[in-house]
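One structure below.
The values are calculated or read from the model by the stated rules, or taken from the named source; none is laboratory data. Given the structure is predicted, the values throughout are model-derived calculations rather than measurements. Virtual Cβ from ideal backbone geometry, glycine too; neighbours counted across all protein chains shown. In case anyone asks, the SASA skips ligands and DNA or RNA and just uses the protein heavy atoms, side chains included. Shrake-Rupley method; radii C 1.70, N 1.55, O 1.52, S 1.80 Å.
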Amino acid sequence: MDFIRDIDGGFSVIENIKVSGAREGKYGVSVILAPHSTASGVFTSNKVVAAPVTYTKNVVKKGIVSAVVVNSGNANCFTGQKGIEDCEELVNLVSKDLNVPASEIAICSTGVIGREMPMDIISKVAYESISKLGDNPENSLAAAKAIMTTDTFPKEEACEVTLTTGEIIKIAGITKGSGMIAPNMATMLSFIVTDAVISQKAIKKALKIAADKSFNMIVVDGDESTNDTCLMLANGASDVNVERNGEIDSNFQEGLNHICINLAKKMARDGEGASKFIEANVRGAESFEDAKLAAKAIVTSPLFKSAVFGGDPNWGRIVSAIGYSGCELNPDIVTIAIADDEDETDLVRKGEILAFEGTPYLERAEKIMQSKNITVKIDMFLGDGEAIAWGCDLTYDYVKINAEYTT
């Protein structure tokens, strides 16, 4: 899409925004200052909900967010009334220092569940983070680093979008997440800011569309977090309105999809202990919903994820996952192929098994499965439904990381 141009710098590409990040050991605090921004968000569907999710939902309802404070190292979940009080304490700290109404400050947390917040440490790191607020690329990177938990690298994206009117806006975002990641949001926190002018109602609509194509299509381990939050702020710095007659500019939507998909793929690629990246590309399904079911089932399957880790082109695990996904499937006409960045081969073609022992199909498949990037391609020949999901392999290190998570 030539109307989308990726740019470096993360949040620094957006005017009138300042960000920061600081850490002390496993505890980090990031601050995003975007005064009087229109805002909306999407959140976890887990019935166990962290205190900051409850708190921030109430803030976002009003439609205006001027600052976001995010801590890592503690999820502030299953902490009762004390959890809400800790949210209020941290928000009030930020409100006083930045002279921003507490009612316009959102809060998010990530880390260990069921432990009270170490407010003495978190407050100290928050003060340090606030003192470092700035609008340079280094500030954006620091914010992305401060919210990391088991992540192995910071995740940020930015792009410039030429609208259908020819006007230009920018979108930028950071995210964290590498484990406890499943559809219905990933353990992810994601923060997106645009300089466009857009209503809260339109942000909510656009963000849901983007999340359904991105954050809701990644799987690391199939576990859904209690803290998942994706907030989008529009500070209007460009003075460019992306709504026309109640409709969202299609190029803006594609740009937002692009940012969210790239952030989501980075999370899948950084799955805890992961050594390989998996893409499941399904087409020819009866519907988009059926394609989603099939794609998600492939990247969720522990058996297939283990096969990817071991370099085993066990297509039986693929077709089995599709079969139990709930989608319509005719095994007699389905095509299953795998590919890497250099090669592609069919394993099953319209129901006919090709990858037998000793065949060139299996030999090519075995080589492909040694690659770092594996794509599974499915054609069901039942309709026009298409969907893509992303995930990673399941390794020994995943078990080790999570066996030692709270120690």
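Remarks
- In the chain, the DSSP-assigned H stretches of four residues or longer account for a calculated mean residue ellipticity at 222 nm of -10500 deg cm²/dmol, using -39500 (n - 2.57) per stretch and the full residue count as denominator.
- Working from label points 7 Å from Cα in the Cα-to-Cβ sense, the ASP8 to ALA403 distance is 4.1 nm.
- Simple spin-label estimate for LYS82 and GLU15 gives 4.7 nm between the two label positions (7 Å along the Cα-to-Cβ direction from each Cα).
- Contour excess over end-to-end distance, with Cα ends at ASP120 and LYS47 and 0.36 nm allotted per residue: 23.4 nm
- Beta bridges by DSSP in the chain, antiparallel share as percent, to the nearest 5: 70 percent
- Solvent-accessible surface of protein heavy atoms, probed at 1.4 angstrom with all chains present, puts SER20, SER371 in the order SER371, SER20, largest first.
- Computed over segment 1-145, the range of Cα coordinates on each principal axis works out to 48, 30, 29 Å, biggest value leading.
- For the chain, accessible area per residue (1.4 Å probe, heavy atoms of protein chains only), Å²: 41 Å²
- Heavy-atom accessible area with a 1.4 Å probe sorts HIS36, HIS258, largest first, into HIS36, HIS258.
- Correct choice for Cα extents along the principal axes in Å that was computed from the model, options (1) 56, 47, 41; (2) 61, 42, 38; (3) 70, 54, 35: (3)
- Our coupling estimate for segment 268-275, obtained by passing each phi through the Karplus curve with A = 6.51, B = -1.76, C = 1.60 and θ = phi - 60°, is 5, 5, 9, x, 3, x, 5, 10 Hz, Gly and Pro reported as x.
- Solvent-accessible area, 1.4 Å probe, carbon plus sulfur percent, for the chain: 49 percent
- Cross-link table LYS145/LYS201; LYS176/LYS305; LYS47/LYS208; LYS47/LYS82, entries beyond 25 Å C-alpha to C-alpha: LYS145/LYS201
- Cβ charges +1 (Lys, Arg) and -1 (Asp, Glu), total dipole of segment 65-221, debye: 400 debye
- Taking a ≥ b ≥ c as the square roots of the Cα gyration tensor eigenvalues, segment 253-407 comes out oblate, since a/c reaches at least 1.5 and a/b does not exceed b/c.
- Using the Cβ-Cβ distance between LYS62 and GLU357 with R0 set to 51 Å, the FRET efficiency from 1/(1 + (r/R0)^6) comes to roughly 0.20.
- Dipole of the chain computed with +1 at Lys/Arg Cβ and -1 at Asp/Glu Cβ about the Cα centre; of SER45, VAL240, ILE261, farthest Cα towards the positive end is SER45.
- Extension gain, LYS205 back to ASP384 (0.36 nm per residue minus Cα-Cα distance, nm): 62.0 nm
- Over all directions, the projected convex hull of the C-alpha atoms in segment 1-45 averages 6.1 nm² in area.
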